[in-house]
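Colleague: Submitted below is the structure of interest, expressed as C-alpha cells.
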Amino acid sequence: MRKDLGFRIGTGIFGLVIVLIVVAIGYELVRQSWLSITKFGFAFWRTDNWDPVSGDFGALPFLWGTLYSSILALLISTPVALGIAIFISELCPAHLRAPLVFLTELLAAIPSIVYGLWGIFVLVPVVRAFQIGLPDSVRELPFFSGPPLGIGMLAAALILAIMVIPFTSSVAREVLKSVPVAQREGAYALGATRFEAISAAVYYARTGIVGAIMLGFGRALGETMAVTMVIGNTPQVSLSLFAPQHTMAAVIANQFREAADELYLHALIEIGLVLFVVTLIVNALSRLLIWSMKPHRVMARQRRRADVAAEGAPA
Amino acid sequence: MRATLWRKSISWLFVTFCGLSVLFALVPLAFILFFVVARGVQALNWQFFVNTPKPVGELGGGMAHAIVGTLILIGLGALFAIPVGILAGVYMSEYQGSRSASTIRFAADTLNGVPSIVIGIFVYGIAVLPFQQFSALAGGLALGIMMIPIIARTTEELLLLVPSTMREGALALGATRAHAVFTVVLPAAAPGIITGVVLALARIAGETAPLLFTSLGNQFFTMKLTQPIAALTVQVYAYAISPYEDWHRQAWAGALVLVMIVLICSLFARLATRRLERMARGT
C-alpha cells in the first residue's frame, strides 16, 4: 500500500503540473495586464481609439474583428462540416470511410502558417477578382463596400472556415456515432426517407452537435497566423466583408514586439487575457455538451426515462 | 403519391448536399497541397537545406539555420513535455474516475484549447521578461506546454485500451501498482503512445504564434540555447510578408518542408494505428 501511495504521488505530481500551468497562465495574464485593467476599466472594450503614441487604448475593433470573422467562418463551416459528418457516418460506403476521415483530418494537420501563405498568394487575388467582378449596385451595399484590396474580412473568414471544418466535423461524427442504431432502423421501418431518418438522428444528437459547433468557434476565436496574414491588420469596426480589419490574436502577434512602454504591453496582454477567458468558457461549454452525449450518459438518460414511463403506466 | 415524390426529392437533395460538402472541404485541401508542392518544388534545392539567408538581392540563400532551429525547439519541447505528458496520462488512466483525475483531464483539455498566441504571452512573461533575453529555451518551453495536453490525453486513451486482465495478472503475481504499470501496461501501449507522440511533435512543429516572442527568430545559424533561434515557421512568416520575390519563393519551399513533415508523420501514424488495430484483433 505504501509503495502504491508513492506511485500515486509520483505520477500525480505531473498531473498537477498541467493544472498549475493553466492556473499560472491566468495569474500571469492578470498580473501583466493590471496597469491597463485598472487604468481603462471596462471602457477598454467600448472605445475604438487605438493610439499607442498618445497612450490611448480601446480594444473594440479587435473584439469586433474576432467575433465577426469567427461568426462568418461558422456560418460557412457549420453546414459543410455537418454535411461531411453525416456523409461519412451515415451515407458513404464503408471502404470510403477511413480515407475520407484521413483527408478531412489532414485539413487540421496543415500548419496555420501554410494556410496564411496560401491565403496571401492564392486566395486574396481570387477574392479581389471576385470583388471587382461584382456589379456596381451590389458594391454600394454596406456589406460589400470598399476598395478592392482582396485582403480583409472575407478572406479571413474563408480561411478560418476551412480551418475549422475538420474540428467540427470530427466531433459531430463521434456524436452521431453515439445515436443508437435502433433509432434509425425504427425510422426506416416506419417508411422514412433517408433525409427523415437522418434528421431524426441529428435531432437526437442535437446537444452534442451544438457542442461540436462551439468547439469550432473556440478554435476560430484563437486562430492567429493565417488570419493576421490576410485580414489586413487595420483596427476599424466595419460591416463590410471587403474592409481590412483586425482581430485580438492578430494585434498581439503584430504589435507585441514593438510595445515599447509598459501601458502598451499591458493593454495587449489584457486582450490576451480576454481571449484566454473567452476560449476557456467556450471550450468548457462545448465539452460539457459533447460529454452529455457520451454513450453511458445517453444510456443513463434512457433508463431514467424508461423508469418514469414504467411508473406512469397503468398497472 | 405526390407527397412521396416530394419527400424523396427532398431526401435526394439532402444526400447530394452532404456529398457536395465533402467536395467543398477536399477542394481547398487539394488546392493548398497543389500550390505548396508546385511552388515549393520550384524553389527547393540543395542550397535551401545547407545555406543560411543571403542579403537581399543575392540569390542562393537557404533555411539551414531554421531547419536546425525547429529541430532544436521541438527537441527542447519534447524533453519537457514527454515525461510530464506520459506520467500525467498514466495518472489519469490509473485513477480513472477519481476527482483528481477529472481535474487533471479538465486542465489538459483547457490547456489544449488555449490559443497558441496566449501561450506565447505567458512564456514571454515567465521566461523572457525576467532574463531580458529571447531564447531557444523559452521557445522550447512554449512548444512543450502545447505538447503536454496532447501527449497526456493520448497516453490516457491508449492505456485504457490495454485489457484490464493484463494489469490484474501482474497484480495477482504480487507486483506493486508501479511495477504493473511500468513493466506490463505501459509497454503494451507503447507503440500507440509513440505514434501519438510523433503526431504531436509534427503538429507542434508547425506552430508559429507561440514562437514570435519567445524564440523570436534569427537570420544566423546558432545552436546556443540562451540566444534567439530561427524556426522554419517564423522564417516562412517573415519571408511571406516581405516584399522580395526571392523570399516569397523560399517561403513556399519552407511551407513544402513543413507540410512534408506533417504529411509523413500522419501517414506513418495511420499505418501504425492500422497495424495496432489488426494486432488487437489478433490477425
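Any read-out appearing in this document is the output of simple, stated calculations on the displayed coordinates, not a laboratory observation. A quick note: this is a predicted structure, and the numbers were derived from the prediction, not measured. Cβ coordinates were reconstructed from backbone atoms using ideal geometry, including for glycine residues, and neighbour counts include every protein chain displayed.
Colleague: Taking only the C-alpha atoms, wrap a convex hull around region B:1-86 and report its volume per residue in Å³ as a whole number.
Modeller: In region B:1-86, the Cα hull volume divided by residue count equals 181 Å³.
Colleague: Could you quote the convex hull projected area for the protein assembly as shown, Cα atoms only and averaged over all directions, in nm²?
Modeller: So the Cα hull casts an average projection of 35.0 nm².
Colleague: Among all helices in chain B defined by DSSP H, which have a length of 15 Å or more along the axis from Cα atoms plus a Kyte-Doolittle mean of at least 0.5? Display every interim value, and only then the final one.
Modeller: Values: long enough: B:2-43 (61 Å, 1.43); B:64-94 (44 Å, 1.76); B:99-113 (21 Å, -0.19); B:136-161 (37 Å, 1.53); B:186-205 (27 Å, 1.74); B:245-281 (54 Å, 0.44).
Going by DSSP H runs, the hits are B:2-43, B:64-94, B:136-161, B:186-205.
Colleague: Could I ask something else about it? What are the lysines whose alpha-carbon lies under 25 Å from the alpha-carbon of B:LYS8, with same-chain residues fewer than 8 places away excluded?
Modeller: The qualifying lysines are A:LYS177.
Colleague: Show the residues, 5+ positions off or on another chain, whose built amide H is closer than 5 Å to the amide H of A:GLN236.
Modeller: Residues meeting the criterion, in which the H sits 1.01 Å from N, are A:HIS246.
Colleague: May I have the pair-distance distribution P(r) for region A:44-183, computed from all Cα-Cα distances with 5 Å bins from 0 and rounded to whole percent?
Modeller: Taking every Cα pair in region A:44-183, the percentages come to 2, 9, 13, 15, 15, 14, 12, 9, 6, 4, 2, 1, 0, 0.
Colleague: Hey, another quick one. In degrees from 0 to 90, rounded to the nearest 10, what is the angle of the helix A:295-312 Cα long axis to the longest principal axis of chain A?
Modeller: Value to nearest ten degrees: 50.
Colleague: Determine the calculated [θ] at 222 nm for the protein assembly as shown from helices alone, applying -39500 (n - 2.57) to every DSSP H run no shorter than 4 residues and normalising by the residue count; nearest 500 deg cm²/dmol.
Modeller: Rounded to the nearest 500, it is -24000 deg cm²/dmol.
Colleague: Using a Gaussian network for chain B with springs between C-alpha atoms less than 10 Å apart, which of these wobbles most: B:GLY75, B:GLY144, B:GLY196?
Modeller: Result: B:GLY75 has the largest fluctuation of those listed.
Colleague: On to the next question. Taking each residue of A:28-34 in turn, how many C-beta atoms of other protein chains fall within 10 Å of its C-beta, and what is the average?
Modeller: Values: counts 7, 4, 0, 1, 6, 1, 0.
Per residue, the number of nearby Cβ atoms from other chains is 3 on average.
Colleague: Ratio of Rg to Rh for chain B, alpha carbon only, Kirkwood?
Modeller: 1.08
Colleague: Let me ask something else. Rounded, prolate or oblate: pick one for region A:169-236, where a ≥ b ≥ c are the square roots of the eigenvalues of its C-alpha gyration tensor, a/c under 1.5 means rounded, and failing that, prolate if a/b is larger than b/c, else oblate.
Modeller: Note, shape of region A:169-236 comes out prolate.
Colleague: List the lysines whose Cα sits under 29 Å from the Cα of B:LYS224, skipping any in the same chain fewer than 8 residues away.
Modeller: Leaving aside lysines fewer than 8 places away in the same chain, those within reach of B:LYS224 are B:LYS54.
Colleague: Going by amide H atoms built from the backbone, whose H comes under 5 Å of the H on A:GLY152, apart from near neighbours?
Modeller: Here A:ILE231, A:GLY232 satisfy the definition.
Colleague: Could you give the size of the charge dipole of region B:62-244 about its Cα centre, using +1 on the Cβ of each K and R and -1 on the Cβ of each D and E, expressed in debye and rounded to the nearest 20?
Modeller: That gives region B:62-244 a dipole magnitude of about 120 debye.
Colleague: Return the average number of partner chain Cβ atoms within 10 angstrom of each residue Cβ along peptide B:26-33. List each step's numbers first, then the result.
Modeller: Numbers: counts 6, 1, 12, 8, 1, 5, 11, 4.
Taking the mean over all residues of the peptide, I get 6.
Colleague: What aspartates and glutamates could a cross-link reach from A:LYS294, if we take a straight Cα to Cα line under 13 Å and drop same-chain neighbours fewer than 8 places away?
Modeller: Leaving aside aspartates and glutamates fewer than 8 places away in the same chain, those within reach of A:LYS294 are A:GLU174.
Colleague: Still on this structure, please answer the following. Expressed as an acute angle from 0 to 90° and rounded to the nearest 10, what is the orientation of the C-alpha long axis of helix A:262-291 relative to the principal long axis of chain A?
Modeller: So the inclination is approximately 10 degrees.
Colleague: In addition: Order the peptides A:18-26, B:98-106 from the highest to the lowest mean number of other Cβ atoms within 10 Å of their residues.
Modeller: Packing order, densest peptide first, comes out as A:18-26, B:98-106.
Colleague: Taking H as built 1.01 Å from N, whose amide H comes closer than 5 Å to the amide H of A:ASP56, not counting residues under 5 places away?
Modeller: Residues meeting the criterion, in which the H sits 1.01 Å from N, are A:ASP51.
Colleague: For labels at A:GLU140 and A:ASP51 in the simple 7 Å Cα→Cβ model, what's the distance in nm?
Modeller: 3.5 nm
Colleague: Quick one: which of A:73-83, B:122-132, A:123-133 comes out on top by average Cβ neighbours within 10 Å, and what's the full order, highest first?
Modeller: A:73-83, B:122-132, A:123-133
Colleague: Considering only the other residues whose Cβ falls under 12 Å of the Cβ of B:ILE119, what net charge follows from Lys and Arg at +1 and Asp and Glu at -1?
Modeller: -2
Colleague: Let me ask something else about it. Averaged over peptide B:101-113, how many Cβ atoms belonging to another chain are found within 10 Å of each residue's Cβ?
Modeller: The shielding value for this peptide is 6.
Colleague: Next up: Rounded, prolate or oblate for chain A? Axes are the square roots of the Cα gyration tensor eigenvalues, ordered a ≥ b ≥ c, and the cut-off for rounded is a/c under 1.5.
Modeller: Oblate shape, in that a/c is at least 1.5 and b/c is the bigger or equal ratio.
Colleague: Let me ask you something else. Alpha carbon centre of region A:106-135 versus region A:185-200: separation in Å?
Modeller: Cα centroid of region A:106-135 versus Cα centroid of region A:185-200: 40 Å apart.
Colleague: Suppose every Lys and Arg Cβ carries +1 and every Asp and Glu Cβ carries -1, with no other charges. What dipole size does the protein assembly as shown come out with about its Cα centre, to the nearest 20 debye? Mind showing how you got there, number by number?
Modeller: Values: 41 positive and 29 negative charges, 422 e Å.
Roughly 2020 debye, rounded to the nearest 20.
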